[in-house]
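Notes to accompany the following structure.
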Amino acid sequence: IKDVNAKTDFDYYASVHHHIRFGFNYIYHTFQPSTASGHSGDASFSPDNGLKKYAHEAAVYFLDDYTISSKLKLNMGLRYSLFQQVGPFTQYVKDANGNKTDSTVYKSLQPVKTYGGLEPRVILRYSLTPASSLKASVTRNQQFIHLVSNAGTTLPTDLWVPSTVNVKPQRAGEDALGYFRNFEDNMYEASLEIYYRDMQHQIEFKEGYTPSLEDPENSFVFGKGWSYGAELFLHKQKGKFTGWVGYTLAWTWRKFPDLNNGNKYPAKYDRRHDLSLVATYELNKRWTLSGTFVFATGNATTLPEKFYFIEGALTQEYSSINSYRMKPYNRLDIAAVYTPKPKPNRKFSHSWTFSIYNLYSR
């Protein structure tokens, strides 16, 4: 993916009650999602199979941080996003057997397909006490660039692809409610938040897909998804010893008419439990020690359950999509940072970081 990007943002303090932000951005995308090459000894295989696609993306937004009262604050925003696939591009018409029967050729920068829409968001914060508050949010978004995964295999076939004449933008709505509280003169902060997210126009590869030189769009299927859960966060902000604990309990589901007999299944990255522990200790003015531990439920995966010999050939029958789990993932990283004493009149500073990633080689 190659991008050319221009953007600008403005802040306007209309009054003590209104902090207004607005701006726009523009991106010109060049995508080349499917490229294959290979080598065997002295022989090389490098066909001209780069199927490029081009697009304009633009957006304009307006946001107001409105302090209604000492207890109530409102963050209200509206964004309009536009995505336009442009040429050079050739669109083919195919018969029931997938044979090309006709085509339409689009010249450079000629519009092929345009998508657009409004993305509103409202965030309301109410202070219960000087140290605690409630926050509720409603957001609606659309996404024009998609990560496409193969639900039925562990092959590395994930691709980033753009919205096109055949691929609609993904749309999502999220509602969240959270409780936030500070303790011990703001030494600690804690929060508990619950959320629900609904997702439309989700994309995955069709069953039995294997990578090829064809346009990967020909192998996409479309469906919906939804996720929900709770997030717990505790942060120590002051003192020589600081750090935080974050825990998420979540469910993420997919449902596609053309996959898994139309039944719902957990998404590839559905993680029931996700825990992070981060600690930092200031040993002295020169040395700081830190450590990070993460634990997460293993990825959902699809495995063969039965094997047959048919005319001497081994045939596998797979489980329903993502009905198995990999082992839980965990890792510990540690680090020490040395900051030399700054010299007078020196215009720059530096430090040394010594770290070990995955300490016990999990």
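The values are calculated or read from the model by the stated rules, or taken from the named source; none is laboratory data. Please read all numbers here as calculations on a predicted model, not as lab measurements. All Cβ positions, even for glycine, are placed from backbone atoms using ideal geometry, and neighbour counts span all protein chains on display. Heavy atoms of the whole protein, side chains included, go into the accessibility calculation; ligands, DNA and RNA do not. Shrake-Rupley method; radii C 1.70, N 1.55, O 1.52, S 1.80 Å.
Some points to look at:
- Failed item in (1) part of a loop (DSSP other than H, G, I, E, B); (2) exposed (fewer than 15 other Cβ atoms within 10 Å of the Cβ), with ARG271 passing the rest: (2)
- Inter-residue pairs, beta-carbon under 8 Å, first small (Gly, Ala, Ser) and in the range 182-205, second open to solvent by less than 60 Å² (accessible area, probe 1.4 Å), 6+ apart: ALA190/PHE180; ALA190/ASN182; ALA190/HIS235; SER191/GLY178; SER191/PHE180
Results for (1) within 30 Å of TYR13 (Cβ to Cβ); (2) in contact (Cβ under 8 Å) with a residue 24 or more places away in the chain; (3) more than 29 Å from the chain's Cα centre (by Cα), shown as yes or no for each residue.
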site: LEU74; (1), (2), (3): yes, yes, no
site: GLY77; (1), (2), (3): yes, yes, no
site: TYR80; (1), (2), (3): yes, yes, no
site: GLN91; (1), (2), (3): no, yes, yes
site: ALA96; (1), (2), (3): no, no, yes
site: GLY116; (1), (2), (3): no, yes, no
site: SER137; (1), (2), (3): yes, yes, no
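- Picking from residues in the range 308-339 that are out of contact with any strand residue (DSSP E or B) (no Cβ under 8 Å at 6 or more places or on another chain) and not aliphatic (A, V, I, L, M), the one that is least open to solvent (accessible area, probe 1.4 Å) is GLY312.
- Residues (closer than 17 Å to TYR61 by Cβ, among the hydrophobic types (A, V, I, L, M, F, W, C) and either touching a helix residue (DSSP H, G or I) at 6+ places or on another chain (Cβ under 9 Å) or open to solvent by 70 Å² or more (accessible area, probe 1.4 Å) (or both)) located in the range 104-137: LEU118
- Taking the range 174-221 as the range and being of a type outside the set (Asp, Glu), over 18 Å from TYR247 (Cβ atoms), modelled with pLDDT of 95 or more and surrounded by fewer than 16 Cβ atoms within 10 Å (Cβ to Cβ) as the test, only TYR196 passes.
- Of the strands (runs of 3 or more DSSP E) lying entirely inside the range 277-362, those containing at least 1 residues that are in contact with a His (Cβ under 9 Å, 6 or more places away or on another chain) are 287-296.
- Applying the condition of being of a type in the set (Phe, Trp, Tyr) and within 29 Å of LYS53 (Cα to Cα) to the range 193-240 and asking which residue is farthest from the chain's Cα centre (by Cα) yields TYR209.
Conditions tested, residue by residue: (1) open to solvent by 40 Å² or more (accessible area, probe 1.4 Å); (2) out of contact with any helix residue (DSSP H, G or I) (no Cβ under 8 Å at 6 or more places or on another chain); (3) modelled with pLDDT of 95 or more; (4) of a type outside the set (Lys, Arg).
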site: HIS17; (1), (2), (3), (4): yes, yes, no, yes
site: SER34; (1), (2), (3), (4): no, no, no, yes
site: ASN49; (1), (2), (3), (4): no, yes, no, yes
site: MET76; (1), (2), (3), (4): yes, yes, yes, yes
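- Per-region count, the range 155-173, residues open to solvent by 80 Å² or more (accessible area, probe 1.4 Å) and touching a helix residue (DSSP H, G or I) at 6+ places or on another chain (Cβ under 8 Å): 1
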